Amino acid sequence: MPQPPSAVSRDEPVIRDRGDACPGALRLHAADDGHLARVRIPGGALTARQASLLASAADRFGDGHLELTSRGNVQLRGLADGCGAGLAELLDAAGLLPAPAHERVRNIVATPTSQDVLPWVRELDRLLCADTRVTALSGRFLFALDDGRGDVAALEPDVTVLGQPGGRALVRLGAAAGAVAVAAADAPRAALLAAAYFLDAVDAAGTRPWRVAELPARHALDDGQFAARLAAAGIGAVRVPTVDWPYCAPPVPGPHDPLCVMPPFGRLSTGQWRVLVQAAEHGDGLRITPWRTIVLPGASAPAALPADAGLVVSPDSPWLSVTACTGRPGCAKSLADVRADARALVERARGPLPVHWSGCERRCGHPRGTQWVDALATADGYRLSVQGRTLPHRPDLAAALTAARENTSSPQSPKTQ
């Protein structure tokens, strides 16, 4: 399938003729169903109070729903004209706007079931909010703080910090084969310096790339130069030319400790959200994951949730491997109500491969780190493909989708890093 614009290879250089229009909490996006706000949640970590105030914002200004994004953030939709000031005031009261000028660059995903990465999250967020230059980063530039298991490291981040034994960490630039080893305590500052290195390369390239993968080959980031930059900043760094990058599947709903739940399509009513807030009050807050699930540290049993909450708590649910973009009626570019179509077939078209339903060629919110079936809406129905190979058309969409989802022998293998 065609790569999304944010992930094209250096063989197809990206030349941007405009700035990044990625929405934020202050820069609202005009959609067909009203305005949209995207609230960055570094590391996906919310206190119960913060989560409660987000629900209040959705009820007061939006359509009474909250959406989880593929970067562990939260979106509010259906916002009315002129709500920006009131929304900003509420988010500020919740501690979700610590630095308004930086709110779109606080894109940090972190291992959601690990408490060890939270100090990294807090320190990197503090450093980002204190640095004026990083406001030049695209709203799509992504930091991943991984405790060493390899879950968020598989999400194609621009800067990865991977925990290592003995109080060490690896810092990786884009999809490089190698990395730079630093003391774990220096990892957040090293990540910030990696972003500064990227911005220097952006200035030199002149093509206005948003992601590390978009840099022209002659301006690609180099591990050796990065190690030298860290040393000049007083950070002991050792270049590691080749790293055997780990991979770990994301948490799935089920009777685990901590409890993990999933709302279908990553969309919750404020009523459902408040059920989770109530559970979080007896635990350690909420963790929004990049896989559109919610981890509740301290709430270890599905019994903590009402049976009629409409949230997935079973590891066998077909919803675990079905995602979709917004589609109609919320998106003017969409050619179909993809969520309704996906809902109609979720039980009838099962298979080992995940499937993502897209209303247009942009494929917003598509999976990363795994193979997946691309169900793309066209003027003539859905076109199915796997790993760029378009599958033959079959009149029975359920049968065609089932066959497509069985199109590999290793459905959950990570992408080449």
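The values are calculated or read from the model by the stated rules, or taken from the named source; none is laboratory data. Just so it is clear, the structure is predicted and the values come from calculations on it, not from any experiment. Backbone-built Cβ (ideal geometry, glycine too); neighbour counts: all protein chains shown. Protein only, heavy atoms only, side chains kept; ligands, DNA and RNA dropped before computing areas. Shrake-Rupley method; radii C 1.70, N 1.55, O 1.52, S 1.80 Å.
Brief remarks follow.
- In segment 282-350, the trypsin sites (Lys or Arg not before Pro) that fall in loop regions by DSSP, at most 15 other Cβ within 10 Å: LYS333, ARG348
- A protection proxy built from the mean count of other Cβ atoms within 10 Å ranks the segments 385-393, 321-329, most packed first, as 321-329, 385-393.
- Percent accessible area from carbon and sulfur atoms, segment 1-159, protein chains only, probe 1.4 Å: 50
- Largest accessible area first, the listed residues TYR197, TYR382, TYR247 line up as TYR247, TYR382, TYR197 when surface is computed with a 1.4 Å probe on the assembled protein chains.
- Carbon/sulfur fraction of accessible area - segment 163-253, other protein chains in place, 1.4 Å, %: 56
- Percentage relative contact order, the chain, counting C-alpha pairs under 8 Å, at least six apart: 16
- Segment 212-277 and segment 312-337: distance between their alpha carbon centers, rounded to Å: 23
- Protein accessible area in segment 277-335, 1.4 Å probe - carbon and sulfur %: 51
- Taking every DSSP helix (H) stretch of at least 4 residues in the chain, weighting each as -39,500 (n - 2.57) and dividing the sum by the residue count yields a mean residue ellipticity at 222 nm of -7000 deg cm²/dmol.
- For segment 106-149, a/c is not less than 1.5, where a ≥ b ≥ c are the root eigenvalues of the C-alpha gyration tensor, and a/b does not top b/c. That puts it in the oblate class.
- Surface exposure of segment 104-222, expressed per residue as accessible area with a 1.4 Å probe, stands at 32 Å².
- Relative contact order for segment 198-267: 16 percent, from Cα pairs under 8 Å spaced at least 6 residues apart, divided by residue count.
- Accessible area expressed per residue, segment 332-403, with surrounding protein chains retained (probe 1.4 Å, Å²): 47
- Alpha-carbon spread of the chain, three principal axes, descending order, Å: 59, 49, 43
- Highest average first, the peptides 218-226, 76-84, 271-279, 148-156 ordered by how many other beta carbon atoms sit within 10 Å of their residues are 148-156, 271-279, 76-84, 218-226.
- Computed label-point distance, nm, for sites ARG18 and ALA249 using a 7 Å Cα→Cβ extension: 4.0
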